1. Which of the GluC sites (Glu not before Pro) across region 62-128 are loop residues per DSSP, with 13 or fewer other Cβ within 10 Å?
2. So between R63 and R84, what do we pick up on full extension, going 0.36 nm a residue minus the alpha carbon distance?
3. Quantify how much of the Cα-Cα distance distribution of region 1-92 extends past 18 Å, in percent.
4. Please state the relative contact order of region 63-103 as a whole percent: Cα pairs under 8 Å, 6+ residues apart?
5. Using a 1.4 Å probe on the protein heavy atoms, what percent of the accessible area of region 1-98 belongs to carbon and sulfur?
6. Determine the per residue accessible area of the chain with all protein chains present and a 1.4 angstrom probe, expressed in square angstrom.
7. When only Cα pairs under 8 Å and 6 or more residues apart are kept, what is the percent relative contact order across region 1-81?
8. Of all DSSP beta bridges in region 18-117, what percent run antiparallel (nearest 5)?
Amino acid sequence: MQSANTTAIEEVFHLARRADHRTLRAKLHDDVTWYPAREGAWNPCTTADEVVRTLLWRAGANRLRPGEMIDLGDRVLVQLRGRRLERLGARGFVPRLFQIIVVREGKVASMRDYGSREDALAAAGLKK
């Protein structure tokens, strides 16, 4: 059974793949942010409009979509699937990219990429 948070995240990625700008924007808080897996890889997104553009680009060019999701209350750990993940900061022999997405009141409040599962778990406070 899916939680409301994982359902909201799946809907955000689905809207990005369909390039539904307006509905996608409505699923994001005005102060939403998105930070890359490594410093300097690309500029952080600090406005909702920047996050929408980045989601649309990643969903199209990289076919980015959510894979495994672990609901952690107000946050969800997401293993992303797609192409050329190493260009987005993924690490490993088989590059994998992870995100911690904070959901507040059914809308995405922040996103942060991580190059490894260990980094994402540590950021979520599940590993030391």
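1. Answer in residue order: E105.
2. Values: separation 21, 0.36 × 21 = 7.56 nm, distance 0.91 nm.
Net length gain for the segment: 6.6 nm.
3. Of the Cα pairs, 47 percent sit more than 18 Å apart.
4. Details: 70 pairs, mean separation 16.0, N = 41.
It comes to 39 percent, rounded to a whole number.
5. 47
6. Details: 7130 Å² over 128 residues.
That works out to 56 Å² per residue.
7. 30
8. On the way: 20 of 24 bridges.
Taking every DSSP beta bridge within region 18-117, about 85 percent pair in antiparallel fashion.
The values are calculated or read from the model by the stated rules, or taken from the named source; none is laboratory data. A quick note: this is a predicted structure, and the numbers were derived from the prediction, not measured. So basically every Cβ, Gly included, is an ideal-geometry build from the backbone, and we count neighbours across all protein chains shown. Keep in mind that these areas ignore ligands, DNA and RNA; they rest on the heavy atoms of the full protein, side chains included. Shrake-Rupley method; radii C 1.70, N 1.55, O 1.52, S 1.80 Å.
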